[in-house]
Structures are given as C-alpha cells and as structure tokens.
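Down below is the structure, laid out as structure tokens.
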Amino acid sequence: MKTISRLRTTVDEVLMVQELAQLKRDLDKITKLSVKFGRLSEANLHAKTREFRERIQKGETLDSVLPEAFGVSRVAARRILGYAPFDVQVMGGMALHQGTVVEMKAGEGKTITETMPVYLNALEGKGVHVITTNDYLAKRDATWVGPIFELLGLTVGFVTQDSTPEERQAAYHKDVTYVTNQEVGFDYLRDHLVREPAARVLKGLNFGIVDEVDSILIDEARTPLIIAEPQEGSSETFPHFAAIAAMLEESKDYTVDRREKSVELTEPGIKEVERLLGERLFEAADDTRLHQFYQALRAKSIFEKDRDYIIEEGRVVIVDEFTGRLMPDRRFMDDIHQAIEAKEGVQVRENERVVATITFQNFFRLYEKLSGMSGTVATSKEEFQMIYGLKTIVIPTNRPIQRRDFADAVYATKTGKLAAIAEEAWHRHRAGQPVLIGTRSVEMSVEVSKALAGRDVPHQVLNAKHAHEEAEEVTKAGEPGLVTVATNMAGRGTDITIGPEAMAHGGLHVIGTERHESRRIDGQLCGRSGRQGAPGSSQFFSSFEDDLIQLYAPDRLWEVFDGADLPEDRPVYHELLLTAIDEAQDAAERMHFDARQYLYRFDEILDRQRALVYREREAIVNDAFGADGVLNILGSALPLPASFPASGVPGRAEARGALLAAIDELWVEHLSAIGELQDSINLIAYGEEDPVVTYTTKAHELFEQFRNNLVGKVKDVLLT
C-alpha cells in the first residue's frame with residue numbers, strides 16, 4: 001500500500017508541475033496584454049467590459065476571453081490599489097477560474113488573487129459569490145477591492161447577518177457578492193420556504209469562490225445549517241436527568257469514549273439509574289426519555305464549559321470550535337443544548353423542530369462551478385477530489401519563506417508546559433520580539449494568560465470577540481515585544497503587520513500551546529509568521545496530558561513512558577516522541593476523514609430527497625404547472641380538477657398556497673422522522689447490521705410514506 005501511495009504522490013507531483021508550467025505560459029500572454037491595456041482610459045476600460053460581454057453572449061468561451069479579461073483586471077487593480085497583482089497571484093487566479101482548490105501561503109494576497117477570476121466569471125451576468133468566514137471579512141473585502149470591479153463597470157454588494165431581506169436581494173443581484181458561508185446557506189434554505197417568487201433573495205448559485213476553503217468545506221463539512229421553530233416538548237425532564245447524571249461515577253457507572261464523543265452505561269450503572277429514577281427506563285416503549293438521559297450524561301462528561309460553550313446572561317452560548325468566537329444564534333441539536341442548560345442550572349428552552357436543513361457539504365455542491373483558496377489544502381486533496389470533484393494545486397510563494405520552525409518541546413505535564421511557554425514568551429518579550437501564542441480553546445487561553453501573568457509578562461488576550469475587533473487587535477500583534485494570546489483561528493484573514501524594529505528582532509514568533517488534531521490548523525497558526533519573505537519563527541509546546549496524545553498516541557509510547565520519573569520543568573527528549581505525535585495526528589485525521597465519509601453516505605440520501613421536494617415546491621411557487629397536474633417531479637402526477645383556478649384567475653394564489661402548506665407540513669414531519677431514524681441508527685451501529693444499509697432502506701421507506709401522505713393531502717386540497 002505504501003508503494004502505491006508513493007507512486008500516486010509522484011504522479012500527482014508530475015501533473016502539478018505540468019499544470020504550473022501551463023499557467024506560466026498563459027501568464028506571459030496576460031503580462032503582455034496588461035502592458036497594452038495599461039494605456040487605456042477609464043472609459044475604454046468600461047468599453048472592454050461591454051466588448052467581453054458581447055463576445056460571450058455570441059458564444060465565445062470564458063477561457064478564450066481570459067487573457068484579455070485578466071489583463072484588464074490587472075490594470076484596474078493597479079489604478080485602484082496602487083499596485084498590480086503579482087505573477088503568482090495571476091497564476092492562482094487562473095487556477096481558481098478552472099474550478100480548482102488553490103493553496104497559497106498566508107500573506108500571499110488571496111483577496112487580490114480572487115479579483116481576476118471573479119471579474120472574468122461575472123461577465124456572464126449570472127453572478128459570482130465570494131464566500132468568506134465572517135461578516136467583517138465580507139464587508140472589508142467588498143469595500144477594499146469592490147472599486148476594482150466598479151472601475152470596470154460591474155456592480156458589487158455584500159451580505160452580513162444584519163442585512164434585511166431587501167438588502168440581501170439587492171446584493172445577490174449585483175454582479176459580485178461577498179457573503180459568509182452561513183448567510184448564503186441560510187438564504188438558500190429560506191428561499192425554499194417562500195410562497196411567492198418575489199420573496200426569494202438569491203439570484204442563483206452560479207460560481208462560488210470559497211476563502212479559507214479547508215475550514216468551510218472540510219472542518220465544517222458536517223455542520224448542518226438548520227432553520228427550526230419551537231415546539232411543545234418535554235423540557236421539564238432535562239433538569240431531572242441532569243441531577244441523576246451528576247450522581248453517577250465515571251468508570252463505575254458509565255464509560256466515556258472521548259474520541260467518539262459517546263457514553264455507555266455499565267450494568268451497575270443501568271441498575272443505579274433505574275433505582276434513582278424509580279422506573280425501568282431501559283425497558284420502556286418510549287425511547288425518547290432514554291435518548292434524553294444519554295444526552296444528559298454526554299452533557300456532563302463530554303461538553304466542557306469555557307471550551308465548548310460559555311454562560312452569558314443566563315444562556316448557554318456555543319463557542320466556535322475553529323475560531324473561538326461566540327455563536328449566540330446557534331444551538332446544539334439533538335437535545336444536547338437543553339441537556340447542557342439543565343447541567344448548568346439555567347433556563348431550559350423549548351425543544352425545536354427542524355423546518356429546513358442542509359449540510360455545508362451538500363450546499364456547496366449545488367454551485368454550478370466551485371473553487372477555493374487557503375494556505376493549507378494540499379494534505380486534504382483526496383477529500384476535495386472525492387467529495388467535491390475538485391482538483392488541488394499549490395502555487396509557489398512570491399518570495400522564499402524565511403520562517404524557522406523549531407522542533408516541538410514536549411513536557412511531562414500541562415503545568416510544566418505552561419510554565420515553559422511563559423518563560424519563552426518572557427525572554428522574547430524582553431528581546432523586543434513580538435509573540436503570538438495560539439490556543440485551541442478559550443479555556444486554554446485563560447490558563448496561558450494566568451501563566452504569563454505569573455511570570456510578569458504583559459500581554460493581550462483575544463477570545464470570543466467580534467471579528468472586526470479581533471482583526472484590529474491581531475494587526476497590532478506584530479508590534480515589538482507585544483505578546484498576544486489568541487485562539488488559533490482568531491483574526492484569520494487579517495495580516496499581522498511587522499515593522500522594521502520587530503523585523504530586526506527576528507520577526508513574529510509563534511508559539512503553539514498544543515498540536516491540533518489536524519496538521520492544517522497547525523500550519524495555519526505557523527503561517528501567521530514569515531509572510532511575504534519576512535523573518536519569523538514558530539515552535540509548538542506539547543505535553544503528555546494533551547488531548548491529542550491522550551486520545552491518539554500509539555500504545556508503544558505509553559509502554560516506554562508509563563511509570564517513568566519525568567522532570568516537570570524540562571522538556572523530554574526521546575526519538576519516539578515526535579514520531580508518536582505524527583502518528584497521533586495521522587490517527588486523528590484518519591478518524592475525522594472516515595467520519596465525514598460516513599456522514600456523506602447518510603447525507604446524500606436526504607440530499608436526493610430534498611432536491612426532489614424543492615424542485616416540486618419551486619414549480620408550484622413559480623406557478624409552473626398546468627392542467628396535467630402537480631407532483632410530477634415526485635412521480636405521483638395528480639391532474640388538476642376543472643374547478644382549480646387557472647393561472648391569472650382570482651383564487652389561484654390561495655390555491656397554490658394551500659398546496660405549498662401541504663408540502664411544507666409533511667416535509668417537516670419527514671425531517672423529524674429522519675432525525676429519529678438517525679438517532680436509532682447510532683444504536684444499530686453497536687449491533688451486527690450495516691448501519692448504512694439499514695438507514696438507506698428505512699429512509700426510502702419513510703420517503704415513500706411521505707409521498708403517499710402528500711398525495712392524499714394534495715387530493716384533499718384539489719377537491720376543496
């Protein structure tokens with residue numbers, strides 16, 4: 001297998017060299033045209049855009065127009081920004097146009113790179129979305145590079161969480177729209193809940209360029225976008241279950257698999273729970289209460305305050321796993337949020353039922369063309385190809401990287417590690433070198449801050465703040481001697497400014513407080529230093545108590561070190577250590593990859609069902625059905641009775657509304673049934689049945705039931 005893997009890697013490298021060579025040949029044409037177009041007036045640049053659009057409307061391909069369009073775009077960038085895109089940025093732009101995932105290292109100017117393929121593809125008039133990770137970046141980038149497009153005669157808009165439906169509709173109907181993954185995903189779902197075409201906000205999903213593509217398409221692939229509404233439920237049971245869960249002892253009454261984030265009661269634990277409850281919970285016909293109890297136990301054992309969530313004004317607020325920012329409008333699903341509320345003693349809010357849902361994985365596959373950029377994508381090229389059908393290419397840096405990456409310092413305990421980090425920060429602070437300390441969680445940031453304070457190291461902490469505040473403070477993190485503590489992703493997308501004095505002291509030094517389960521996130525942290533050929537350095541500090549080592553390190557590590565008398569105040573040196581950390585990351589990445597693959601197999605079933613229902617619903621919203629009837633797309637055609645109002649006749653809108661209400665009501669019930677099926681599949685996974693086969697069979701049965709119920713309901717509507 002290793003031989004095959006090495007051979008595949010060699011072939012990929014050869015192909016990438018060939019692709020880069022072709023990009024360089026095309027770059028030469030663009031460079032010559034840029035010189036030629038540099039003499040054009042503003043009016044003539046406008047005229048070029050009109051010319052390109054006319055040629056495309058007459059059948060010329062975007063690929064044919066590309067050299068001239070990129071040349072014009074390069075000229076416009078120089079006039080607006082004062083500088084033209086570098087050659088490597090032009091190459092990256094061409095790769096993006098081709099529908100490729102592009103790796104460009106941090107600080108290489110991805111926002112400028114995007115402008116050229118955005119301009120080219122916007123010429124078709126179908127709209128282009130530039131998708132960012134937060135509202136601050138969407139607004140910043142639209143404001144910063146938008147004038148380039150406007151100089152060329154295109155329109156630009158942006159969408160944020162605060163945008164009204166009218167503002168969203170206007171922004172999406174511009175030639176270029178900057179928007180976050182969250183907002184465009186939710187707008188897609190909301191557009192499939194409207195009753196009239198005019199209420200939709202999206203123009204379509206034509207071409208999307210995803211910034212920080214690995215974060216959105218890989219790390220958040222399994223994240224479901226959910227529109228929910230309150231429903232009556234048994235929220236009063238959660239405090240009772242939380243109190244009982246608090247009385248149980250780990251190992252004796254239950255076991256915890258923190259890798260899988262699951263819990264399992266032992267035989268003594270089952271007896272103890274039933275004794276405390278005074279009922280035979282595990283033999284009851286109603287498995288809802290059993291599910292809620294297990295969620296109470298998971299809330300106690302797996303979800304940690306100040307890591308996974310915080311308590312703010314009497315509410316449980318989720319902390320984003322990747323950015324460390326607060327997410328006040330999101331809730332953990334599947335009863336977990338209520339279980340945590342009960343555990344923390346705050347008000348338990350009502351249950352909610354899902355009205356519409358889609359994962360990022362399936363949403364982004366809806367774009368006619370998709371591409372993306374990040375500084376760390378090469379290690380995920382297999383997944384990009386397998387799930388999204390996207391090739392990956394690595395664009396060389398504009399200047400050689402000078403950053404020094406030191407070997408990990410591994411300590412026996414977390415306490416020893418924190419003391420060493422504080423000592424390292426103190427020395428570099430005294431020397432006038434700026435230091436950025438990256439943490440995985442808010443909780444760890446607090447601990448690092450305490451260690452720094454104990455060593456009298458002045459510092460700033462960035463945690464769970466608004467993105468624009470993070471960006472402002474991260475920009476300052478390159479000031480001489482300044483020490484900044486931040487979650488790994490805080491302020492991502494914003495360059496840290498390094499002045500001459502800080503450069504003279506070695507540039508930005510990055511300290512990682514532990515290795516992440518994904519090498520990409522480690523690479524993103526290190527990439528904050530040494531941008532555009534500037535000096536810099538990085539080093540990770542680890543300990544035997546870190547989650548990565550505890551959960552994923554190979555057994556032979558513990559065979560060597562279990563019971564060993566290791567010093568707490570000095571790093572441990574052993575040839576096995578760094579190898580073990582690499583293997584632990586391999587194991588973690590493999591597990592998460594398998595989990596995403598597993599989800600994909602489940603999710604594509606619901607995705608096919610959703611596509612059929614949404615197409616049927618859209619036909620009714622658009623009034624695109626005639627006397628031959630409705631439900632044609634769902635394969636259950638029902639002819640319209642003579643009494644059904646014809647198009648344009650009074651009463652037609654009300655009749656369409658009744659049809660849509662029938663579809664919506666039964667679709668919500670179907671989503672609820674699918675959710676219950678997914679819960680039960682988790683139990684089947686412990687048996688001998690293949691969960692995917694079982695889920696597929698039962699999901700198809702549920703969809704047939706949905707379709708039959710819909711036929712009956714629509715018949716009633718048609719005859720009313």
request  = Give the order of GLU212, GLU616 when sorted by the count of other beta carbons within 10 angstrom, beginning with the fewest.
outcome  = GLU616, GLU212
query = In the chain, what percentage of the DSSP-assigned beta bridges are antiparallel, given to the nearest 5?
reply = 25
The stretch 628-685 versus the stretch 101-125: alpha-carbon centroid distance in Å = 41
key: Those lysines that a straight Cα-Cα span of less than 24 Å connects to LYS476, excepting residues fewer than 8 apart in one chain   = LYS105, LYS110, LYS139, LYS450, LYS465
ask   = Which order results if ILE496, ILE620 are arranged by neighbouring Cβ count within 10 Å, fewest first?
value = ILE620, ILE496
request  = Among THR376, ILE401, GLN295, flag the residue with its Cα farthest along the positive direction of the charge dipole of the stretch 267-407, charges on Cβ as +1 for Lys/Arg and -1 for Asp/Glu.
outcome  = ILE401
note = Most exposed first, judged by fewest Cβ atoms within 10 angstrom, GLU236, GLU220 run GLU236, GLU220
ask   = Sequence-distant or interchain residues sharing an amide H contact under 5 Å with THR497, placed H: which?
value = ALA477, GLY478
ask   = Under a 5 Å amide H to amide H cut-off, with H placed in plane at 1.01 Å, what residues pair with ASN351 once short-range neighbours are removed?
value = GLN231, GLY233, SER235
task = Mind listing the long-range amide H neighbours of GLU212? Cut-off is under 5 Å, sequence gap 5 or more, other chains count too, H placed in the peptide plane at 1.01 Å from N.
result = MET373
remark   = Calc'd 3J(HN,Hα), the stretch 334-350, phi into Karplus 6.51 cos²θ - 1.76 cosθ + 1.60 (θ = phi - 60°), Hz, glycine/Pro = x, comes to 6, 6, 5, 4, 5, 5, 5, 4, 5, 4, 8, x, 9, 4, 8, 7, 4
remark   = Within the under-10-Å Cβ sphere about PRO645, not counting PRO645, Lys/Arg +1 and Asp/Glu -1 give a net charge of +1
ask   = Dipole of the chain, Cα-centred, from +1 at each Lys and Arg C-beta and -1 at each Asp and Glu C-beta, to the nearest 20 debye?
value = 3240
inquiry  = Per residue of the stretch 159-176, what does 6.51 cos²θ - 1.76 cosθ + 1.60 with θ = phi - 60° give for ³J(HN,Hα)? Whole Hz please, x for Gly and Pro, Karplus curve as stated.
reply    = 10, 10, 4, 7, 5, 6, x, 5, 5, 5, 4, 5, 5, 5, 8, 6, 5, 10
ask   = For the chain, what does -39500 (n - 2.57) per DSSP helix run (n ≥ 4), summed and divided by total residues, give at 222 nm, in deg cm²/dmol to the nearest 500?
value = -16500 deg cm²/dmol
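Any read-out appearing in this document is the output of simple, stated calculations on the displayed coordinates, not a laboratory observation. The shown structure was predicted, so the numbers you read here are calculated from the model rather than taken from an experiment. Cβ: placed from backbone, ideal geometry, glycine included. Neighbour counts: every protein chain shown.
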